[in-house]
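Chemist: Have a look at this one.
The values are calculated or read from the model by the stated rules, or taken from the named source; none is laboratory data. Here the structure is a predicted model, which is why all the values come from computation and not from measurement. Positions of Cβ are backbone-derived with ideal geometry, glycine not excepted, and every protein chain shown enters the neighbour counts.
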Amino acid sequence: MSKKKLLKSLAMGILFANCGLASAMEKEILSEQKSEVGSPLQKTQVDQTAATQEEGNEIADTQDSTQSAVMADADIRTEDSQSASNTSAQQTASAPILDSDALRISFQALLRDNNGVPLAGPAKLAFNIYDTGGTLIEGPISVGFVALTNGVADTTFPVLASSFDGSGRELGVIVDGGTELSPRLPLVTVPYALRVDRVASAELDDDIELGSASVHGKLATWNATNDVESIELVGSSARISTYGSDGLEQIRLHGVSYGEMIMYDQDNNDEAVRLGASRSFSFPGFPTIDTGGRLQLRNGVGSLRSQLTSSTNAGTLSLYNGSNTLATQVSVDAEGSGLFSARDANGTVTVVIEGAEISTDGAQITLRDASGVDTVFIDAQEGAGAALRLADETGNQKIIMDAQEGSAGGGVIYLYNNAGVNTIEIDAEESDSASAIRLKDSSGITRITLDPQRTGGGRVITPVLQITGGSDLSEQFDISGDTKPGMVVSINPNAEGKLVISHEAYDRKVAGIISGANGVLPGMLMGQQGSEANGAHAVALSGRVYCFAEQSAGTIMAGDLLTTSSVPGHCMKVTDHVKAQGAIIGKSMGTVKNGMVLVLVNLQ
């Protein structure tokens, strides 16, 4: 097209994915520009062409020169656009959904002169993006000279994702630096896909829907370093799961029927923690299905070791042994008080501690044997005080210790025989406020009573008293002189109630023999503390006792009567029976051995 004044007219269409402009727009723009041949736009274009001709250049040269200038300008604009694009890329460098090459819009247009002839090109194109109110959002965006094929321009131009915020946008087009063509073209549908790179947009701040009423939604994020899923959101199972670098599930949060969270360990990826909003399980000591939350802790191989549960009326802590058997449990009983139970290795409950035996009573501890039989009861409030009850293997109580018998009594202990008859009773406070011990026969009849309080002192009530620790009846006396067990003693005429070592023959003041010689001890020892009827030495008045003997009056034989001797503390054989009246100690029960003889004491 040589040296002719041209009016370039535009018939265009902008192509997006699944979107295009109507051909009516092309006709309207072409018609409008044909009617404006004398417009300032045409005059400017003509003047620019004429100025180029006056410099002696051909149209082709003018086009080349203009193209060079425009291309230079396009390069600058392209650099600006690229810089803006890079800035956008930097803002999303953490992992952008769209890279800089994807932040572009495709553009196609048919360029014709005012006679409708397609231009040979190339043509300089520039673009402006406006909101629907006419405010410039971005531009001009220059793409340099674009080659034409039969007048058709096919190119792309860069845009900023930030230019699209969800409201309407329009595109203005400028050809070869002229006036922007009118009307502007609306941008619809596809450009808004650029918003996927803007995580902080209003839509994402409000509601996001994955799936629908007929399609399950799912979202997965990946760990690119290890090429495994790191987080998974699954709508079909109402589940959120996180995964470790090995791709194994570490945490699961789900709630199809009730909320539950599961956490796994790092060794074998075994379940370590389970937190649920409902109890729906079967473990010893619990119903199969119950309401309330639960927390389970497991060991390194996924075996249950502790569990915390709640229900309508109680919370329960359960501990399990190495055999996965319930071992210890802390809960609340039917009365609303604390309840602790411990089990043996076989799961048998052997310890029960209750905060209150009944709602108005105190605490109670029950201990059971391996068969589960109650054998020990410790009751903090048994009537007016505490109580301890011990039972045999069949559960029959054999010992009862009561801290307070009745409302005003003292402590009491009851012992039972195998037939369940109370045979021993130890009472700390009877009606006289003194203690008592009662021993009973197999029928429960009291046979021996120890009563510490009566007029003048305590007493023992029994049909028969058998003493096995000694063989004589002694009283306690103070004795003057150097005393030894086995010495004969006489009444001290100079000290009332006291004795002296006997030192004369046929002494009618003879009182007895000091007990304890040769290991034969007193069987019964009498005396009254704080009176004259008391002393430091036990003197045998009756019974069997060893005595020092001398045989100057004759050899002592069994059955001989014995009396005092002139040898201090010794006895001798009676040879003068008249003189011996009132001075006889007793009878010999054998012969003298090692200077002593066994005497049956019988004072005469």
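Chemist: With Val464, Val488, Val460 as the choices, which residue is modelled with pLDDT of 95 or more and aliphatic (A, V, I, L, M)?
Modeler: The conditions single out Val488.
Chemist: For the list (1) closer than 21 Å to Val574 by Cβ; (2) not in a loop (DSSP other than H, G, I, E, B), I need the number of the one condition that Leu525 fails.
Modeler: Only one criterion in (1) closer than 21 Å to Val574 by Cβ; (2) not in a loop (DSSP other than H, G, I, E, B) is unmet by Leu525, namely (1).
Chemist: With the requirement that a residue be over 60 Å from the mean Cα position of the chain (by Cα) and without any contact (Cβ under 8 Å) to a residue 40 or more places away in the chain, what does region 101-116 give you?
Modeler: Across region 101-116, the qualifying residue is only Asn115.
Chemist: Which of the residues that make up region 363-391 are farther than 19 Å from Val349 by Cβ and either at pLDDT 85 or above or surrounded by fewer than 16 Cβ atoms within 10 Å (Cβ to Cβ) (or both)?
Modeler: Passing the criteria: Gly383, Ala384, Leu388.
Chemist: For Asn128, are the conditions met, namely being touching a Pro at 6+ places or on another chain (Cβ under 8 Å) and farther than 18 Å from Leu185 by Cβ?
Modeler: no
Chemist: Take Thr555 and decide whether it is out of contact with any Phe, Trp or Tyr (no Cβ under 7 Å at 6 or more places or on another chain), part of a strand (DSSP E or B) and surrounded by fewer than 19 Cβ atoms within 10 Å (Cβ to Cβ).
Modeler: So Thr555 does not fit the description; no.
Yes or no, residue by residue, for (1) charged (D, E, K, R); (2) under 17 Å from Ile400 (Cα atoms); (3) under 28 Å from the mean Cα position of the chain (by Cα):
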| site | (1), (2), (3) |
| --- | --- |
| Val349 | no, no, yes |
| Glu354 | yes, no, yes |
| Asp361 | yes, no, no |
| Gln364 | no, yes, yes |
| Leu367 | no, yes, yes |
| Phe377 | no, yes, no |
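Chemist: Tell me, please, whether a residue that is hydrophobic (A, V, I, L, M, F, W, C), modelled with pLDDT of 75 or more and surrounded by 14 or more Cβ atoms within 10 Å (Cβ to Cβ) can be found in region 215-230.
Modeler: yes
Chemist: Suppose the filter is over 60 Å from the mean Cα position of the chain (by Cα) and buried (at least 20 other Cβ atoms within 10 Å of the Cβ); does Ser542 pass it?
Modeler: When the stated conditions are applied, Ser542 does not pass them.
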